[in-house]
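Structure first, then comments.
What follows is calculated from the coordinates using simple rules that are stated; it is not laboratory data. What you see is a predicted model, and the numbers here were worked out from it, not measured in a lab. Cβ: placed from backbone, ideal geometry, glycine included. Neighbour counts: every protein chain shown.
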Amino acid sequence: MKQTYEFLQQLALNNNREWFNANKPLYKELQERFNTFAQQLIDAVSAWDEEIAASNLSVKDCTYRIYRDTRFTKNKEPYKTHMGIFICRGGKKAPYAGYYFHLEPELLLPDRAPLSMGKCFLISGTYHFESKVLRSIRDEISINGDSFLDAIAQASTHEFGLYEGEMLRKVPAEFAFAPDKWHHLLKQKEYALSKEIDPKYLLSKDLVQKVSEDFKSTADFIHKINMAVDYALENM
């Protein structure tokens, strides 16, 4: 993973087609290694998550192209400076929560401190739920909020915390009856757990096992979210 990390650093400094084409043989080699890691991680997660196992996911189902879509953005840089793996029931385009590995190193500039271009992290969950799915998740929290708190506490033993993204200013009126201790969850727009990882973590010889064990601590949270997603989809 060290070479891939360093390649992405250099790509961030040289995000143009000339540099990329000159280094494309190296990228192809690193992409193949990353895909091998992705397959090993899919297999490891499938060993303890029956829904992932039943999906028979391929590497293509869980990884992304490095080429950016620049048609509708002012940023015309042609390449992503990160690589990711999203192991999700049904594949990356499915509406379910899953397990996401994100590799995005800091950009090192000469004679300056590191400039963060993002972080390397693990995410369990997803974002941009449809409104009916969000309603279904909140319905479940309003009835079984303690079970969600327990799932978050379980994941915290592996240093995951609730991702603090967009939130409602107030709890929706239809859920105001819920206990105050669940209100923070009810105001969320994105339901995910996150854990930052550093280069030392990435250099672990047993990286696949480490990532798998970390994700396993979040499995209960994922299953609770996906149960609510299923209910919403069945009633759409």
Task: Cα-centred dipole magnitude for the range 1-79, charges only on beta-carbon of K, R (+1) and D, E (-1), debye, nearest 20 - done: 620
- [ ] Net charge near A173: determine it from the other residues with C-beta under 13 Å of the C-beta of A173, scoring Lys and Arg +1 and Asp and Glu -1.
- [x] +4
TODO: Evaluate the charge dipole of the chain about its Cα centre and quote only its size in Debye, nearest 20, assuming +1 on the Cβ of each Lys and Arg and -1 on the Cβ of each Asp and Glu.
DONE: 960
Open item on the list: Positive end of the dipole of the chain, charges at C-beta (+1 Lys, Arg; -1 Asp, Glu), about the Cα centre: which of I225, T4, Y201 has its Cα farthest in that direction?
Closed with: T4
- [ ] Rank F215, L13, L57 by how far each Cα sits towards the positive end of the charge dipole of the chain (+1 on Lys, Arg Cβ; -1 on Asp, Glu Cβ) and give me just the farthest.
- [x] L13
TODO: Just add up the charged neighbours of R65: K/R +1, D/E -1, any other residue whose Cβ is under 12 Å from the Cβ of R65.
DONE: +3
Task: Relative contact order of the chain, defined on C-alpha pairs under 8 angstrom at six or more residues apart (%) - done: 21
Task: Sequence ranges 188-194, 51-57, 198-204, ranked by mean other-Cβ count within 10 angstrom, highest first - done: 188-194, 51-57, 198-204
- [ ] For the chain, set up a Gaussian network in which alpha carbons nearer than 10 Å are linked by springs, and say which option among F177, F121, F86 fluctuates the most.
- [x] F177
- [ ] In whole Å, largest first, what are the principal axis extents of the Cα atoms in the range 1-103?
- [x] 44, 31, 16
Task: Scaled radius of gyration (Cα, divided by 2.2 N^0.38 Å) that the range 163-204 gives - done: 1.71
TODO: Can you tell me the alpha carbon radius of gyration of the chain divided by the globular rule-of-thumb value 2.2 N^0.38 Å?
DONE: 1.09
Open item on the list: Counting only helical runs of four or more DSSP H residues, what would the 222 nm mean residue ellipticity of the chain come to if each run contributes -39,500 (n - 2.57) and the total is spread over all its residues?
Closed with: -14500 deg cm²/dmol
